[in-house]
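Asks: One structure, pasted below without further comment.
The values are calculated or read from the model by the stated rules, or taken from the named source; none is laboratory data. Since we're looking at a predicted model, the values are computed, not measured. Positions of Cβ are generated from backbone atoms using ideal geometry, with glycine treated the same way; all protein chains shown enter the neighbour counts.
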Amino acid sequence: MSDRLSLAVKVFSATVQALVCGSLFYNLPTTSESIFLRPGVLFFPILYFLMEAMSETTASFRGRPILARQKRFGFYTPTAYCIANALTDIPVVLLQVTIFSLILYFMAALQMDAGKFFTFWIIVNANNLVFLQLFRMVGALCGHFGTASQLTGLLSTVFFVYGGYLIPFQSMHPWFRWIFYLNPGAYAFESLMANEFTGLDLDCVAPQYVPYGPQYESGALASHHGCTVLGSDNLTGVIDGHAYITQQYSYATGHIWRGFGVLIGFWIAFIAVTALAFELRTGDGGSSVLLYRRSLRNKKAGQDIEAARGEKSGQETSLAPPSQPVKQSTFCWHDLDYFVKYQGQQKQLLDKVFGYVQPGNLVALMGSSGAGKTT
C-alpha cells in the first residue's frame, strides 16, 4: 500500500490493457459472429491478472529476511503478516479491477444488465486475489529464487492451457483433466461464461449457417438454412446461449456462484499454506540473531548457581568475602565510523559515534528516522 509507484503502474497498466482489449472486441454484435469472440473477451481478464500476479513471487523473496528477523525477535508472527498482507490486497485489487471492468465490459458490449456486470466484476476480483496469493505461496514454499521462478512459469503455463478456453473440458486428455479441477482460473472462466451466456440469444448469420452464398439468399432455397453452431434452433435460426455453453464447453449455468465459492476457498487455503511455510522457515534473517534464547539463558543461569553452591561447600576458604564487589566491565565506544559502498562510492553512515553501556542497565537507542539506529 505504501508503494505508490507500484500502485500507479498497476492501475495504469490495467487501464491500457482494458482499452486495447476493448478496442479489439469493440461492440460485439448479438449474432453468431460474436459466438467465438465472447469467450475470448471473458478469458482475457483471467489471463491478464494471472500474468500480472507472477511478480508476487519476487516480492515474497524481497521481504523474507526482514520477516524472519521479526519472527526471531518475537515482534510479530509470520501468520499475522500473511493475513494482513492478504487483506491489504483487497482495496488495491478493487480499484484495479473496477477500472478494468468498466472499460472492457462496456466497450465489448457484453450483456447490458446490472446484475451480470457486478457478477462479472466480483468474479474477476476473486480471481485476481487468488492468483496473487498463489504466487505468494510459491515464493514462501521455495528456498531459492531460481526454483520459485521456474515453478511460477510452469504453473502459469499449465493454468493458461488448462483454463477451459484453449482446450474445452471434454477435449482434454482424460489423464490430465485433474489439472482443470485444481486450476482457479478454470472456475472463474466457467462462472464468467455462465454469467454472460445465460439468457443470451444470438441470431445465426453467415458464415455460421449452411448453405450460404449469393445463390441461396433468394428463391426457394432461402428458407432451407441450417446453423452449424451447437445449441442453435434450425427452425428459428436462433442460438440459445445456455444450450451453447452446455454442449460446447460442458458448463452449467448453475455453477456461477459455485465457482465464486471455490475461488474464495482457494484464497483462504493459499493464505494458510503461505503462513505455515513462513512459520516453519528459519535461517533467512540475516546477521541479526539472538545470542541466547530465554530457555537456554535460564538453564545456563541455573547451572551457574549450582556450580557456585558446589564451590562454596567444598572450598569456603578460597571464596572472597561477601562484601567484596564483583568486577564488571563497562562497554563503551568512541570515534566509531562506518562506511558502505553506494553507487560505486563510499557513503558514511556513522560519523564519530561514541557511547557506553553500564552493566545491569537496559539501554534504549533512540533517534529520528534515518539517523542510523539500525546500523
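Asks: Only one of PHE49, PHE61 is touching a Leu at 6+ places or on another chain (Cβ under 9 Å) and touching a residue at least 60 places away in the same chain (Cβ under 8 Å); which? Step through it out loud before you land on a result.
Replies: Values: PHE61 fails: touching a Leu at 6+ places or on another chain (Cβ under 9 Å).
After ruling out the rest, the residue left standing is PHE49.
Asks: Filter the stretch 338-366 down to the residues that are among the β-branched types (Val, Ile, Thr) and not in a loop (DSSP other than H, G, I, E, B), then identify the one that is farthest from GLN328 (Cα to Cα).
Replies: Step one: filter the stretch 338-366 for residues among the β-branched types (Val, Ile, Thr), giving 340, 353, 357, 363.
Subset that is not in a loop (DSSP other than H, G, I, E, B): 340, 353, 357.
Values: VAL340: 34, VAL353: 23, VAL357: 12 Å.
Per the criteria, the residue is VAL340.
Asks: So, one more: Assuming PHE354 fulfils every condition listed in (1) under 48 Å from the mean Cα position of the chain (by Cα); (2) modelled with pLDDT under 80 apart from one, which condition is it?
Replies: Just one mismatch for PHE354, condition (2).
Asks: How about the stretch 176-190: which of its residues are part of a helix (DSSP H, G or I) and surrounded by fewer than 24 Cβ atoms within 10 Å (Cβ to Cβ)?
Replies: First pass over the stretch 176-190, keeping only residues part of a helix (DSSP H, G or I): 176-181, 184-190.
PHE176, ARG177, TRP178, ILE179, PHE180, TYR181, ALA186, listed by residue number.
Asks: Does the stretch 121-136 include one or more residues that are surrounded by fewer than 20 Cβ atoms within 10 Å (Cβ to Cβ) and part of a helix (DSSP H, G or I)?
Replies: yes
Asks: Filter the stretch 53-110 down to residues that are modelled with pLDDT under 80 and of a type in the set (S, T, N, Q), then give me how many there are.
Replies: 1
Asks: Let me ask something else about it. Among the residues of the stretch 148-188, count how many are over 24 Å from ILE256 (Cα atoms), among the polar types (S, T, N, Q) and free of Cβ contacts under 8 Å to residues at least 24 places away in the same chain.
Replies: Qualifying residue count for the region: 2.
Asks: Tell me which helices (runs of 4 or more DSSP H) are completely within the stretch 47-110 and hold 3 or more residues being among the hydrophobic types (A, V, I, L, M, F, W, C) and surrounded by 20 or more Cβ atoms within 10 Å (Cβ to Cβ), or say none if there are none.
Replies: The qualifying helices (runs of 4 or more DSSP H) are 78-107.
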